Amino acid sequence: MNTWQRRSVWYTGVLVLSMVVFTLLYQYGMGAYERTALTFLEAFQFVVETFTTTGYGAQAGWESSAMLVLVVVMDIAGTVMIFLALPVVAFPAFEEALSTTVPTAVENGLDDHVIVATYTSRVETLIAELDSRDVSWVIVEPDRDTATDLYEEGYDVIHTDPDSVDGLDAANFADARALVADVSDQVDASIVLTAKELDESVRVVSVVEEPDRARYHELAGADAVLSPRPLLGESLARKVTASVSTDLGGMVELGEDFDIVELPVHRGADLAGRTLAESGLRERAGVNVIGAWFDGEFESPPAPDSVIEPGTVLLLTGEEEQLERLADRTRSEVRRHASGETIVVGHGEVGRTITEVLEAVDLPYTVVDRNDEPGVDVVGDATDPDVLDRAGLASARSVILAIPDDTAAEFATLVVRDESDAVEIIARAEEAESVQKMYRAGADYVLSLGTVTGRMVASAVLEDEDVISLDTQVEVLRTRAPGLVGYSLGDADVRQRTGVTVVAVERNGTVLTDLGPDFRPQTDDELVVAGPDEATNRFTEVFG
């Protein structure tokens with residue numbers, strides 16, 4: 001029973017009791033003071049006329065003071081009851097009648113769809129991937145207010161409980177392609193158990209927050225258990241380790257002699273301040289620049305007069321030896337010869353993974369967290385300059401923000417950048433929408449948990465897609481493109497129409513990388529394309 005229903009019951013009870021009491025008092029008063037005997041029904045009629053303000057009829061004209069007082073009291077009580085009825089009963093009833101009614105079950109025989117339980121900001125990337133491949137989906141949301149908001153925003157959502165048999169039946173689970181559980185470790189395990197009780201054949205993907213709990217989800221019957229937080233932590237840590245060693249970090253191998261890699265340009269690097277034309281990357285290093293992030297905005301291909309500023313992230317292809325030589329030009333002179341100190345802000349799952357990676361390569365670090373717990377060196381708020389000073393920001397070369405709250409991370413980025421213009425800021429974002437704001441605040445490299453999670457889940461759910469860059473800003477996708485068969489890359493104008501670059505083509509077991517505008521994909525070719533998530537989604541919509 002909701003609040004409005006409880007209020008309505010309470011109001012009705014008080015109203016009935018008041019009318020009965022006044023009926024008895026009026027019946028007694030008329031006999032005792034006015035010498036007029038009335039039946040209970042006659043007295044009740046008078047009370048109803050009073051409470052409804054329809055008039056007193058033939059019973060008006062009392063002579064005794066007691067009856068006059070009683071009638072006045074009844075008049076006041078009736079008026080109060082009428083005004084109480086408006087906010088307690090009438091207004092909520094109108095509001096409920098006019099409010100959006102969220103479906104409690106899927107309609108029109110939806111099948112071969114993906115059930116998402118429940119809504120979080122992390123599912124946005126997954127939904128975009130599913131939409132680009134014309135795969136139906138439905139969100140199962142137990143919270144009524146959240147479900148209403150989603151429904152009004154145009155999401156396919158039903159309001160029901162995802163860890164109940166009735167809830168999954170309402171989502172047409174038996175005919176679904178897959179179920180994705182991403183609520184909490186315990187709730188997700190319950191959803192998996194319920195799903196396997198209904199139908200063992202439907203694929204169930206579970207997302208865990210704590211990697212050591214993955215085993216319990218496997219025991220519950222999950223077909224795939226994903227743990228994106230450690231992957232995110234490893235990726236962020238590699239941006240520091242790669243900047244002080246020959247390790248290229250998140251390099252994607254496309255063939256024996258051909259790789260693709262993201263290279264952030266550090267402050268004080270040889271390339272910093274030059275235009276792409278002046279850098280001579282292709283002529284001197286023998287690599288291809290297929291894209292670049294400038295202040296969080298991706299350009300593919302970047303213009304020759306684009307200036308490579310500190311914080312620019314270059315997307316390059318070439319042989320591993322060539323890329324390693326070039327990587328040295330993206331580091332500052334200090335970084336080529338010294339490891340420096342790294343400040344890790346946040347000691348959750350992502351933060352702990354980061355420190356494990358740094359420790360494995362013997363890089364010194366200082367951990368800052370609000371909570372005083374084992375592994376934390378400085379207790380305090382990273383948005384406080386004094387806390388950052390105690391953590392050694394003045395001598396630090398990198399700050400990794402592993403804060404799970406985007407608003408706090410954005411503010412911490414502003415504070416760190418204000419305190420030091422030279423330090424490198426690597427940040428974790430919870431939502432993909434926050435990435436651009438963190439770049440604007442002064443971060444050098446940002447990767448969102450939502451992007452990593454969405455790519456991992458999409459790769460686990462979609463059989464015809466192979467995401468080979470789960471933890472990079474740019475998505476590298478191996479897919480088929482029947483819409484390109486019969487056309488050259490130049491005629492199809494792939495870059496202009498979609499924003500991606502066709503990096504390589506795998507044909508009959510051989511990886512082809514020399515792809516000019518006259519190259520024509522064939523029916524059985526697998527294309528490797530690279531670009532932002534929204535661009536790769538657009539590519540599959542247009543050509544897939």
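The values are calculated or read from the model by the stated rules, or taken from the named source; none is laboratory data. Just so it is clear, the structure is predicted and the values come from calculations on it, not from any experiment. Using ideal geometry, Cβ is built from the backbone for each residue, glycine included, and neighbour counts are taken over all protein chains shown. We work out accessible area using only protein heavy atoms, side chains counted, and drop any ligands, DNA or RNA first. Shrake-Rupley method; radii C 1.70, N 1.55, O 1.52, S 1.80 Å.
Mind ranking 519, 411, 44 by accessible surface for me, highest first, 1.4 Å probe?
Details: 519 35, 411 115, 44 70 Å².
I get 411, 44, 519, largest accessible area first.
Roughly what angle does helix 65-85 make with the longest principal axis of the chain, taking Cα atoms, 0 to 90 degrees, to the nearest 10?
Result, in degrees: 20.
Please work out how much length the chain gains when fully extended from residue 520 to residue 277, using 0.36 nm per residue of separation minus the C-alpha to C-alpha distance, in nm with one decimal. If you can, show how the numbers build up before the last one.
On the way: separation 243, 0.36 × 243 = 87.48 nm, distance 2.89 nm.
Extra length from residue 520 to residue 277 when fully extended: 84.6 nm.
Hey, if we sort 217, 159 by accessible area with the 1.4 Å probe, largest down, what's the order? Spell out each step's value before the answer.
Values: 217 5, 159 50 Å².
Of 217, 159, the descending order of accessible area is 159, 217.
Roughly what angle does helix 123-132 make with the longest principal axis of the chain, taking Cα atoms, 0 to 90 degrees, to the nearest 10?
Between the helix axis and the principal axis of the chain, the angle is about 70 degrees.
What do you get for the angle between helix 185-198 and the principal long axis of the chain? Use alpha-carbon atoms, 0 to 90 degrees, nearest ten.
Helix 185-198 sits roughly 80 degrees off the main axis of the chain.
Not counting ligands, DNA or RNA, and with a 1.4 Å probe, what is residue 387's accessible surface area in Å² rounded to the nearest 10?
10
Net charge near residue 380, counting Lys/Arg +1 and Asp/Glu -1 over other residues with Cβ under 9 Å of its Cβ? Working shown, then result.
Numbers: positive: 370, 390; negative: 369, 381, 384, 386.
After counting each charged neighbour, the total is -2.
Amide H of residue 430 versus every other amide H placed in the peptide plane: which residues, excluding those fewer than 5 positions away on the same chain, fall under 5 Å?
Residues meeting the amide H criterion: 406, 449.
For residue 143 and residue 49 in one chain, what is 0.36 nm times their gap in residues minus the Cα-Cα distance, to one decimal in nm? Walk me through the numbers on the way to the answer.
On the way: separation 94, 0.36 × 94 = 33.84 nm, distance 4.43 nm.
Once the chain is fully extended between residue 143 and residue 49, it gains 29.4 nm.
Taking a probe of 1.4 Å, how large is the accessible area per residue of the chain, in Å²?
Numbers: 24920 Å² over 544 residues.
Accessible area per residue, the chain: 46 Å².
Output the relative contact order of the chain, whole-number percent, from Cα pairs under 8 angstrom with separation of 6+ residues.
Details: 1059 pairs, mean separation 56.7, N = 544.
It comes to 10 percent, rounded to a whole number.
Enumerate the calculated ³J(HN,Hα) couplings along the range 143-156 in order (Karplus 6.51 cos²θ - 1.76 cosθ + 1.60, θ = phi - 60°), each rounded to whole Hz, writing x wherever the residue is Gly or Pro.
3J(HN,Hα) across the range 143-156, in whole Hz: 7, 4, 5, 5, 4, 5, 4, 5, 4, 5, 8, x, 6, 7.
Which whole-number percent is the relative contact order of the range 127-200 (Cα, under 8 Å, 6+ apart)? Each step should come with its number before you reach the end.
Numbers: 69 pairs, mean separation 18.1, N = 74.
Relative contact order of the range 127-200: 24 percent.
Would you work out the charge dipole size for the chain about its Cα centre, treating the Cβ of every Lys and Arg as +1 and the Cβ of every Asp and Glu as -1, and quote it to the nearest 20 debye? Can you show the working numbers first?
On the way: 39 positive and 99 negative charges, 240 e Å.
Roughly 1160 debye, rounded to the nearest 20.
³J(HN,Hα) across the range 357-362 via Karplus (A = 6.51, B = -1.76, C = 1.60, θ = phi - 60°), whole Hz, x for Gly/Pro?
For the range 357-362, the Karplus curve yields 5, 5, 5, 5, 9, 6 Hz.
Using the reciprocal of the averaged 1/r over all distinct C-alpha pairs, how large is the Kirkwood radius of the chain in Å?
Values: mean 1/r = 0.0361 Å⁻¹.
Taking the inverse mean of 1/r over all distinct Cα pairs, the chain comes out at 27.7 Å.
Keeping every protein chain in place, order 295, 169 by accessible area at 1.4 Å, biggest value first, i.e. largest first. Before the final figure, lay out each step's value.
On the way: 295 120, 169 90 Å².
Correct descending sequence by accessible area is 295, 169.
With r as the distance between the Cβ atoms of residue 440 and residue 104 and R0 = 45 Å, compute the FRET efficiency 1/(1 + (r/R0)^6) and round to 0.05. Working shown, then result.
On the way: r = 42 Å, r/R0 = 0.93.
According to the calculation, E is roughly 0.60.
Work from the charge dipole of the range 92-235 (Cβ charges, +1 for Lys and Arg, -1 for Asp and Glu, about the Cα centre) and give the residue of 226, 151, 194 farthest towards its positive end.
Final value for the positive-end residue is 226.
Compare the peptides 172-180, 424-432 by average per-residue count of other Cβ atoms within 10 angstrom and give them in order, highest first.
Working: 172-180: 21.0, 424-432: 24.2.
Output ranking for 172-180, 424-432: 424-432, 172-180.
Determine the calculated [θ] at 222 nm for the chain from helices alone, applying -39500 (n - 2.57) to every DSSP H run no shorter than 4 residues and normalising by the residue count; nearest 500 deg cm²/dmol. Don't skip to the end; give the middle numbers.
Details: 21 runs with 222 residues, N = 544.
Mean residue ellipticity, 222 nm, calculated: -12000 deg cm²/dmol.
So if I take the alpha carbon set of the range 299-449, get Rg, then get Rh from the Kirkwood formula, what is the Rg over Rh ratio?
Working: Rg = 16.0 Å, Rh = 16.4 Å.
Result: Rg/Rh = 0.98.
Estimate the FRET efficiency between residue 319 and residue 487 by the formula 1/(1 + (r/R0)^6), using the beta-carbon distance for r and 41 Å for R0, to the nearest 0.05. Numbers along the way, then the final one.
On the way: r = 29 Å, r/R0 = 0.71.
Efficiency, from the Cβ-Cβ distance: 0.90.
Just need the Rg to Rh number for the range 387-544, please, alpha carbons only, Kirkwood Rh.
Ratio of gyration radius to Kirkwood radius for the range 387-544: 1.11.
Could you pull out every residue, at least 5 positions away or on a different chain, whose amide H is within less than 5 Å of the one on residue 137? Hs are placed 1.01 Å off N in the peptide plane, and Pro or chain starts have none.
Result for residue 137 returns 114.
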